[in-house]
Every structure is written in C-alpha cells, then in structure tokens.
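Values quoted throughout were computed directly from the atomic coordinates according to the rules given, and no laboratory measurement underlies them. Just so you know, these numbers come straight off a predicted model, no measurement behind them. Cβ atoms come from the backbone with ideal geometry, glycine included; neighbour counts cover every protein chain shown.
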Amino acid sequence: MSSAERTVQISGSTVIVCPNAEAASRVAAESIAATIDSALKSRGKAILGLATGATPEVVYANLAARHRAGGLSFQKVVTYNLDEYYPIQPIDPLSYRSYMHRHLFSRVDLPANQAHVLDGTVPEAFVREHTAEFDRWIEADGGLDLQLLGIGRNGHIGFNEPAEWSVAEAAAAPTRLVELHPVTRADAVREFGDAAKVIPRALTMGVKQILSARAIVMLATGPRKASIVAQALRGPVTTAVPASLLQTVADRVVWILDEPAAAELGS
Ligand code: GLP
C-alpha cells in the first residue's frame, strides 16, 4: 500500500480511501492476490466470490496483468460469481458469464470447470434446485475465502435488493431468483441500451452466503456511490440498504474507496 492511501475504522469495518479509482482497483487486486497466495499455502486451493459491473473491470485487468507477468496462477482457484440475469444465454454479450469471460476467465489459467456463474438457461421449474446446488457447491468447497463486492446506488449487494423484510430474514436469504429494483433497472439501461430491453429478473447469491465469506472486499468508486456508501457504513443496519448488513460482520469487511466515493463519510 502506498502512503497516498489512508485507512480508517468505521462501524468496526476497515475503510481504505485511495486517491483515485485506479489506485482503489489496485489495492483490491492486491488483496485478492494475497488471499489466493495464503489460501493456497494453507489449504492448497483458493475459493473466490466475484462481482461484475463497471467497478471491478480494472481489478480484473490488474489480475490478468499479474498472471501474464508470471506471478499469479489460477490453476488452483475456484470462482463463484455473485449473480446473473434470468433468463439469459451465456453467450449473450450482456450475460455476466460473458462479462467474466471477457474480463478475466479468458485472460488467466483458471480451469473452465472451476469458474462458476449461475446459469440463466435453467428452466424456471428447476431454478430453486439450481440455486440450492450453487450454495452446496460453495459449502462443499469449504466456503469463500474472499468475496469481492460492488454496491448498487440503492445499496444492493449482488442482486440482493432493498426489501421490506427483517434483517434476520435478509441475513438468512439463500441464493435465489429475484426481481430487480427500479433503480437497478434504470442503471442497467447503460448495459442494455434501452429500458424496454433490461431483463427484469436475476439469479443472485444470497446475503447468507455473502456474509459467510472469510473476507469481504467492497469496492466502490466515483461520486455516484458517495451517498449510499455513507448510508451503508454510517447508517443503521437495515434491509432498506442491503449493504448495511455488512456491519453485522464488520471485522471481516474491508471497504476500498476512492476519494469521490468517500466524500460523504465525514471525518
Ligand atoms: C450490478 C451488479 C452488482 C454490482 C452493482 C454495481 O447490477 N449486479 O453486483 O456491484 O450493480 O455496478 P457498477 O459497478 O457498474 O456500479
């Protein structure tokens, strides 16, 4: 870590504030590489939970560069992605499977059968079976060593959207099929090009699985995230802001922010 970053504790979580998004992405990539290294040394494999969206793109570019330089192998890494639109074909350029292929899977030596993304082609009658199986695969792998997260403008993590249920219910939520929140659908117009084309449902890893990760790295950059970052870190734990539930496992969470995303945190 360079001296340009500052680290503070907020609501029990470690918060690293970097001068810009590139520096924040580099710190996140360093943390993932260090987790892979230590998990390989202690258990012979590393289990990563991965995120999509615009924010982690530079993280994946950084990991791919480390791989090309010869310092990082994914041969013994197993990955589980947070979410996927439903229904969608994996070869659709808008699918998260294809996002992951473009940004990471095709650029590193991760064996194909160790890269898991929820399947947007499963018939609806079998979705429950598929999502339960996804949770069982993670558990059979010994749980996630690290979960990389982004945050939606409405505070969603994965596609766990703001909801009117109790914190206990949300914290127990398994991987499942969900309806996307209006704010999420509006933000997805950026990818889909047209509001009418946004796929309104998705499969998402549940909050339970996310909170069970041995380490959670939340990366948020840019001024559009400043308000929700402050609510999630400084506000009450509430299902109206799903990322606020990270406060319940604060000692395992590192928030990596750039200055614009940290702007409303106060001192
Ligand atoms: C998307 C993803 C989330 C992601 C979030 C933020 O819809 N499902 O996992 O963290 O929204 O995306 P972005 O990084 O593009 O702001």
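Note down the magnitude of the dipole of the range 165-219 about its Cα centre, charges +1 on Lys and Arg C-beta and -1 on Asp and Glu C-beta and zero elsewhere, to the nearest 20 debye.
Details: 7 positive and 5 negative charges, 32 e Å.
Here the size comes out at about 160 debye.
Which listed residue (Thr239, Gly158, Gly206) has the Cα farthest towards the positive end of the charge dipole for the range 118-267, taking +1 on Lys and Arg C-beta and -1 on Asp and Glu C-beta about the Cα centre?
With unit charges placed on the Cβ atoms, the residue in question is Thr239.
Give me the three principal axis extents of the range 89-226 from the C-alpha atoms, as integers in angstrom, largest value leading.
37, 37, 36
Gain in length, Ala250 to Ala132, computed as 0.36 nm per residue apart minus the alpha-carbon separation, to one decimal in nm? The partial results should precede the final answer.
Working: separation 118, 0.36 × 118 = 42.48 nm, distance 2.63 nm.
Full-extension gain reported as 39.9 nm.
Report the dimensions of the range 6-258 along its three principal axes from the alpha-carbon atoms, largest first, rounded to Å.
Principal-axis extents of the Cα atoms in the range 6-258, largest first: 44, 41, 35 Å.
Could you size up the charge dipole of the chain around its Cα centre, putting +1 on the beta carbon of Lys and Arg and -1 on that of Asp and Glu, and report it in debye to the nearest 20?
Details: 25 positive and 28 negative charges, 101 e Å.
The dipole of the chain has a size of about 480 debye.
For n ≥ 4 DSSP H runs only, could you compute -39500 (n - 2.57) per run for the chain, divide by its residues and tell me the 222 nm figure to the nearest 500?
Values: 9 runs with 92 residues, N = 267.
It comes out at -10000 deg cm²/dmol, rounded to the nearest 500.
Please list, in chain and number order, the residues 5+ apart from Ala115 or on another chain whose amide H is under 5 Å from its amide H, with Hs placed from the backbone.
Thr79
Return the long-range amide H neighbours of Leu144 (sequence gap of 5 or more, or a different chain), with a cut-off of under 5 Å between placed amide H atoms.
For Leu144, the qualifying residues are Arg214.
Measuring from label point to label point, each 7 Å out along Cα→Cβ, what is the Ser166 to Glu5 span in nm?
3.8
If amide hydrogens are placed 1.01 Å from N in the peptide plane, which non-local residues have theirs closer than 5 Å to the one on Arg201?
Tyr86, Leu180
Can you compute 3J(HN,Hα) from phi for each residue in the range 143-154, using the Karplus curve 6.51 cos²θ - 1.76 cosθ + 1.60 with θ = phi - 60°, rounded to whole Hz and x for Gly and Pro?
x, 7, 6, 8, 10, 8, 10, x, 10, x, 5, 9
Tabulate in residue order the Karplus-calculated ³J(HN,Hα) for the range 218-231, using 6.51 cos²θ - 1.76 cosθ + 1.60 with θ = phi - 60°, rounded to whole Hz; enter x for Gly and Pro.
Whole-Hz 3J(HN,Hα) from phi for the range 218-231: 9, 10, 9, 9, x, x, 5, 9, 4, 5, 6, 4, 5, 4.
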